[in-house]
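K.L.:
Sharing a structure below in structure tokens format, with a few things to ask.
The values are calculated or read from the model by the stated rules, or taken from the named source; none is laboratory data. These numbers were taken from a predicted model, which means no experiment stands behind them. Here the Cβ positions follow ideal geometry from the backbone for every residue, glycine too, while neighbour counts run over all protein chains shown.
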Amino acid sequence: MRPASDRQCMAHPAAALPMTLKRDLMKKYAYALAAALIASAAHADQPAQAYVGIAGGASHISVDCTGATSCDKSDTGGKFTAGYSFGNGFGLEGSFISFGKAKGSDGTTAATLKPTAFLLGGVYALPLGSDWGMNVRLGLAQVKTKVDARQGTLAGSASETKTKAYAGLGVTYAVSPSVKLELAVDSTQGQFAGEKGTVRLFSFGANFAF
């Protein structure tokens, strides 16, 4: 048989903790609860609403340039979005993105690759303060990869469409209750003739609620 004091410690492990550690743990739990309540309150103040957004910026297309005498993977692209926020932080979005184009040549053949995508997915808006916030996006993208090629006087084009996962992240700033500026990155994958590559758009734009 263990002494009564040992049995008490096994039955109530918290009793063996120093009082200062208990207070620290209680403070951490209180801070976490307060943060959760503040986030919930911030979302509670947001009405359900529809919105549209437009953005543009720099794009990057990952292509294999092995054997090419020239290769340009960077361009400019654009994004148009229509969405609906449920007022609790969660929302649904549909978007169209043009990722610009990548160009390459091996001296005899020149090719241009142009990926575009229709996106559908969910978004979660995380408040970072009274005006600042963060959007986390995840969904599916129907990515069309078009390739135009030219060799001398011969030219041709082909395209391939695949469904891929996409992810996005954005930082927002509310300039008014109905207008938010957003700095964002959206990423998915293009595919053509069995070759795959990541396509990204780094954009700056605005979302308009109504």
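K.L.:
Answer yes if at least one residue in the stretch 47-61 is aromatic (Phe, Trp, Tyr), modelled with pLDDT of 90 or more, in the same structural domain as GLY139 (by TED's automatic domain parsing) and not in a strand (DSSP E or B), and no otherwise. Steps first, please.
P.N.:
Within the stretch 47-61, the subset aromatic (Phe, Trp, Tyr) is 51.
After this cut, where a residue has to be modelled with pLDDT of 90 or more as well, the list is 51.
Then drop every residue that is not in the same structural domain as GLY139 (by TED's automatic domain parsing), which leaves 51.
Within this subset, residues satisfying the condition of being not in a strand (DSSP E or B) are none.
Within the stretch 47-61, none of the residues are aromatic (Phe, Trp, Tyr), modelled with pLDDT of 90 or more, in the same structural domain as GLY139 (by TED's automatic domain parsing) and not in a strand (DSSP E or B).
K.L.:
Take the residues of the stretch 197-209 that are surrounded by 15 or more Cβ atoms within 10 Å (Cβ to Cβ) and of a type outside the set (Gly, Ala, Ser): which is nearest to GLN142 (Cα to Cα)?
P.N.:
VAL199
K.L.:
Being in contact with a Ser or Thr (Cβ under 8 Å, 6 or more places away or on another chain) and within 17 Å of VAL147 (Cβ to Cβ) is the filter here; which residues of the stretch 170-197 pass it?
P.N.:
GLN189, GLY190, GLN191, PHE192, GLY197
K.L.:
In a strand (DSSP E or B), out of contact with any Gly (no Cβ under 7 Å at 6 or more places or on another chain) and surrounded by 20 or more Cβ atoms within 10 Å (Cβ to Cβ): is that true of ALA117 in this structure? Write out each step before concluding.
P.N.:
Values: in a strand (DSSP E or B): yes; out of contact with any Gly (no Cβ under 7 Å at 6 or more places or on another chain): yes; surrounded by 20 or more Cβ atoms within 10 Å (Cβ to Cβ): yes.
Yes.
K.L.:
Restricting attention to the stretch 136-187, and to residues there that are within 24 Å of GLY107 (Cβ to Cβ) and either within 23 Å of the chain's Cα centre (by Cα) or of a type in the set (Ser, Thr, Tyr) (or both), which single residue is modelled with the lowest pLDDT?
P.N.:
THR153
K.L.:
Separate question: Given (1) over 18 Å from SER187 (Cα atoms); (2) under 14 Å from the mean Cα position of the chain (by Cα); (3) surrounded by 18 or more Cβ atoms within 10 Å (Cβ to Cβ), where does GLY83 come up short, assuming only one miss?
P.N.:
For GLY83, the failing item is (2).
K.L.:
Are any of the residues in the stretch 147-169 closer than 20 Å to GLN49 by Cα and surrounded by fewer than 20 Cβ atoms within 10 Å (Cβ to Cβ)?
P.N.:
Here is the first cut: in the stretch 147-169, the ones closer than 20 Å to GLN49 by Cα are none.
For the stretch 147-169, residues closer than 20 Å to GLN49 by Cα and surrounded by fewer than 20 Cβ atoms within 10 Å (Cβ to Cβ): absent.
K.L.:
Here is a list: GLY129, GLY77, GLY107. Which entry is over 16 Å from ASN207 (Cα atoms) and surrounded by 18 or more Cβ atoms within 10 Å (Cβ to Cβ)?
P.N.:
Details: GLY129 fails: surrounded by 18 or more Cβ atoms within 10 Å (Cβ to Cβ); GLY107 fails: surrounded by 18 or more Cβ atoms within 10 Å (Cβ to Cβ).
Checking each option against the conditions leaves just GLY77.
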